[in-house]
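*Asks:* Please read through the structure below; I'll follow up with questions.
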Amino acid sequence: MVRSTSQYDEKLNRASILERLDGNQELLTELIQLFSGEAPHLIEAMRNALQQGDMRELERSAHSMKGAASNFSAYGTVSAASQLENDAKNGNSESAKASLATLEAAVERLLPELANLCQGSPK
Amino acid sequence: MKVLIADDELISRRKLQALLTSWGYDVVSVEDGNTALELLKAPNAPRVGLLDWVMPGKNGVDVCSTIRRDRPEPYTYMLLLTAKDAKENIVEGLESGADDYLIKPWDPDELRARLRTGQRILQLEDRLVEARETMRFKATHDHLTFLLNRGAIVDLLERELVRTFRERGCTIVMLSDLDHFKNVNDTYGHLVGDEVLQETARRLLASVRSYDFVGRYGGEEFLMVLNNCDTSQAIHRAEELRKAVANSPIQTSRGPLSATMSIGVLSSRDWNRRNAAEILCEVDAALYRAKASGRNRSELATPDALCNLPKVRQK
């Protein structure tokens, strides 16, 4: 099953993300660094869970990824993670495999976008 | 104000913690529902909980319902934060005992305003509890001496008699009466009389153990209930109280005044199962004998001296 990835492209809006952080730019930088460190671990955990058929763990990790990405209004990653969470909940490992690939691609595109937000912060 | 945050997801937890700290809250953050529950039940627990719905261990809804069941007081204000936004979810969350509900992604201004609402409700609750406790104290205490009032000390005596009988223990009951108190009021006025009553109350309280009870039974009568005290000590303990009042004059606004009191003493072990009214009748008769024998003394109520209340007792 091949999914179009265009719907998972990220267009981050720095102003609206900052608004959700009460205008705190230092916090934005800190959260981006946290996310960049955490995302590979979550992906790793999801791969392992899928390999071992541990749908509960897969659902939990996908839910965490969804929550984490929603802090940056990264809707592409959020909807990919949400799809994977549903697949895991329904025990649909075939669909989950495709969803995980989509999510990984979305995160891969998201990370440099987030890094740009950090660099773009006025000193 | 202390606020507990429970969210298993690192970035959201850090965000909440940073924002709440910048708003002046004292934040405790945990990663799962079980730890949240433990901390919310602890003494001096945070009064506000911000709980993610989906968490390992107990989830946010479980935490809410458990706190409502196990910790009614002091009230904990709980706010669920979640991505679940279906109507049934909102209803389930609130039915579980949550006070409020915020759907992710939440807006910081809105969260801040809702936290202030929570604080307002907690302040309201604190004022109500304080008012209730003040009323409870007033309902059970004498307003002049701050000792237990007659209703409270007699209720307590009743409970102690039942307990002591069940546990085959022994309770000492004393009824004391200031001697010639009417003379103090007639000579120096009621204000000085009140000062004598207050000082007597203070000395009686200071002379018993922290787990004994002293109440104002009537005008110048005091009732003492001493637990786990043996018959052999009864008169000795009564004499200690009597001397605490008699041995040094009471300082009043009209100068030092000597006061003495007579005491009727009873040990529950000497009597079969009796209720408070019967016990009070016997100890009152012993007090009458102490008065009749010259006052400023203690008399033990023994079953061979039958309760025989005179119509008017000599003061």
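No value in this document is a laboratory result; all are computed from the given coordinates. What you see is a predicted model, and the numbers here were worked out from it, not measured in a lab. Reconstructed Cβ throughout: ideal geometry from the backbone, glycine too, with neighbour counts over all protein chains shown.
*Asks:* To the nearest 10 degrees, how steep is helix B:10-22 against the longest Cα principal axis of chain B, on a 0 to 90 scale?
*Replies:* 60
*Asks:* Would you mind classifying chain B by shape? Square roots of the alpha carbon gyration tensor eigenvalues, ordered a ≥ b ≥ c; an a/c under 1.5 is rounded, otherwise it is prolate if a/b is larger than b/c and oblate if not. Write out the running numbers ahead of the final one.
*Replies:* Values: a/c = 3.97, a/b = 2.65, b/c = 1.50.
Taking the square roots of the gyration eigenvalues as a ≥ b ≥ c, chain B is prolate.
*Asks:* Run through all the Cα pairs of the protein assembly as shown and give the fraction in each 20 Å bin from 0, expressed as whole percent.
*Replies:* That works out to 21, 30, 18, 20, 10, 0, in percent per bin.
*Asks:* Report the Cα centroid-to-centroid distance between segment A:58-123 and segment B:41-60 in angstrom, as an integer.
*Replies:* 26
*Asks:* Roughly speaking, what is the centre-to-centre gap between segment B:69-145 and segment B:236-298 when only Cα atoms are used, to the nearest Å?
*Replies:* About 50 Å separates the Cα centre of segment B:69-145 from the one of segment B:236-298.
*Asks:* Could you work out [θ]222 nm for chain B from helices alone, using -39500 (n - 2.57) per DSSP H run of at least four and dividing by all its residues? Round to the nearest 500 deg cm²/dmol.
*Replies:* Numbers: 10 runs with 151 residues, N = 315.
That comes out to -15500 deg cm²/dmol.
*Asks:* Once the cut-off is 25 Å, how many percent of the Cα-Cα pairs in segment B:150-300 end up in the long-distance tail? Can you show the working numbers first?
*Replies:* Values: 2866 of 11325 pairs.
In whole percent, the share of Cα-Cα pairs in segment B:150-300 beyond 25 Å is 25.
*Asks:* Sticking with this one: Give the average, rounded to an integer, of partner chain Cβ atoms located within 10 angstrom of each Cβ in B:258-270.
*Replies:* On the way: counts 0, 0, 0, 0, 0, 0, 0, 0, 0, 0, 0, 0, 0.
If you average over the peptide's residues, the count of other-chain Cβ atoms is 0.
*Asks:* By the scheme Lys and Arg +1, Asp and Glu -1, what is the net charge of all other residues having a beta-carbon under 10 Å from that of A:E85?
*Replies:* Values: positive: A:R60, A:K66, A:K89; negative: A:E59, A:D87.
Computed value for this residue: +1.
*Asks:* Right, next: Near B:G57, within a Cβ-to-Cβ distance under 12 Å, what is the net charge of the other residues, with Lys and Arg +1 and Asp and Glu -1? Don't jump to the answer; show the numbers that get you there.
*Replies:* Values: positive: A:R60, B:K58; negative: B:D8, B:E31, B:D32, B:E38, B:D52, B:D62.
With Lys, Arg at +1 and Asp, Glu at -1, the net is -4.
*Asks:* Nothing charged except the Cβ atoms of Lys and Arg (+1) and of Asp and Glu (-1): what's the magnitude of the dipole of segment B:1-130 about its Cα centre? Round to the nearest 20 debye. Write down the numbers at each step before the final one.
*Replies:* Working: 18 positive and 23 negative charges, 56 e Å.
Rounded to the nearest 20 debye, it is 260 debye.
*Asks:* Averaged over B:3-13, how many beta carbons belonging to a partner chain fall within 10 Å of each residue's beta carbon? Can you show the working numbers first?
*Replies:* Details: counts 0, 0, 0, 0, 2, 4, 11, 10, 15, 6, 3.
For peptide B:3-13, the averaged partner shielding equals 5.
*Asks:* Using a cut-off of 28 Å between alpha-carbon atoms, which lysines can reach B:K104, once sequence neighbours fewer than 8 places away in the same chain are excluded?
*Replies:* Within reach: A:K11, A:K66, A:K89, A:K97, B:K2, B:K15, B:K41, B:K58, B:K84, B:K87.
*Asks:* Only helices at least 15 Å long along their own axis, judged from Cα atoms, and with Kyte-Doolittle mean hydropathy of -0.5 or greater: name those in chain A from DSSP H.
*Replies:* Numbers: long enough: A:25-51 (39 Å, 0.10); A:55-70 (22 Å, -0.81); A:75-89 (20 Å, -0.57); A:93-119 (39 Å, 0.23).
Qualifying helices: A:25-51, A:93-119.
*Asks:* On to the next question. Assign one of three labels to chain A, namely rounded, prolate or oblate, based on the Cα gyration tensor with a ≥ b ≥ c the square roots of its eigenvalues; rounded applies when a/c is under 1.5, prolate when it is not and a/b is larger than b/c, and oblate otherwise.
*Replies:* Prolate is the answer for chain A, as a/c is 1.5 or above and a/b outweighs b/c.
*Asks:* With θ set to phi - 60°, apply the Karplus curve 6.51 cos²θ - 1.76 cosθ + 1.60 along segment B:181-197 and write out the HN-Hα couplings as whole Hz, x wherever there is a Gly or Pro.
*Replies:* Karplus-based 3J(HN,Hα) across segment B:181-197 equals 5, 4, 4, 4, 4, 5, 7, 10, x, 5, 5, 5, x, 4, 4, 5, 5 Hz.
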